[in-house]
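The values are calculated or read from the model by the stated rules, or taken from the named source; none is laboratory data. Just so it is clear, the structure is predicted and the values come from calculations on it, not from any experiment. Cβ placement follows ideal geometry from the backbone for every residue including glycine, while neighbour counts extend to all protein chains displayed.
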Amino acid sequence: MIDPHVRIPALLLTIVGLAMAVPVAAQAAGSANVNLSEWSLAIRGQDAGPGTIAFEVRNTGSYTHAFEIEHNGDEVVRTDNISPGSSTRVTVDLAPGTYELYCSIDGHRASGMDARIQVGTNGLQVMQGNSGSSGGGGYSC
């Protein structure tokens, strides 16, 4: 039989060793908040520059929405559908450049749920908000 005084320290050393071997997820270099509602897509996140950006996407509307980021016509990230009142977080690496952000539900982008952003050394700048009939739009602050 193993002495309990030996077993417990050995177990603790094993746990500590395993914890040190598990990689820690990279922290986002910046963050941005995105609110989706009929028919607008609003962005806040001026502190977010090139690198890893965590987008906290909230559906503040009463319809199901989704969120997509596109760069030069290529999909960077796309969420699943987001129910009214729900949110999701997506973390992506964005190089300096211009990106299209929009709701990928059929017809929502055409209704004004889109924005164009510029990611650069001065942070994330909204270049163009939407033109939806509800007067919504993208913004940064």
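Brief remarks follow.
- Cβ separations smaller than 7 Å between residues 6+ apart or across chains give the following pairs from the stretch 31-47 residues that are touching a residue at least 24 places away in the same chain (Cβ under 8 Å) and in a strand (DSSP E or B) to residues that are β-branched (Val, Ile, Thr) and surrounded by fewer than 19 Cβ atoms within 10 Å (Cβ to Cβ): Asn35/Thr60; Leu36/Thr60; Ser37/Thr60.
- Those residues of the stretch 93-116 which are within 21 Å of Thr52 (Cα to Cα) and in contact with a Ser or Thr (Cβ under 7 Å, 6 or more places away or on another chain), in sequence order: Asp93, Arg116
- Scan of the stretch 73-88 for residues that are of a type in the set (D, E, K, R) and surrounded by 12 or more Cβ atoms within 10 Å (Cβ to Cβ), ordered by number: Arg78
- Yes/no for Ser140 being in contact with a strand residue (DSSP E or B) (Cβ under 8 Å, 6 or more places away or on another chain), modelled with pLDDT of 95 or more, among the polar types (S, T, N, Q) and surrounded by 15 or more Cβ atoms within 10 Å (Cβ to Cβ): no
- In the stretch 64-73, the residues that are farther than 19 Å from Leu124 by Cβ and either touching an Asp or Glu at 6+ places or on another chain (Cβ under 6 Å) or of a type outside the set (Ser, Thr, Tyr) (or both): His65, Ala66, Gly73
- Strands (runs of 3 or more DSSP E) within the stretch 57-126 that include 2 or more residues under 19 Å from Asp47 (Cα atoms): 87-94, 97-102, 114-120
- Number of residues in the stretch 110-120 that are under 19 Å from the mean Cα position of the chain (by Cα) and either modelled with pLDDT under 90 or surrounded by 19 or more Cβ atoms within 10 Å (Cβ to Cβ) (or both): the value is 6.
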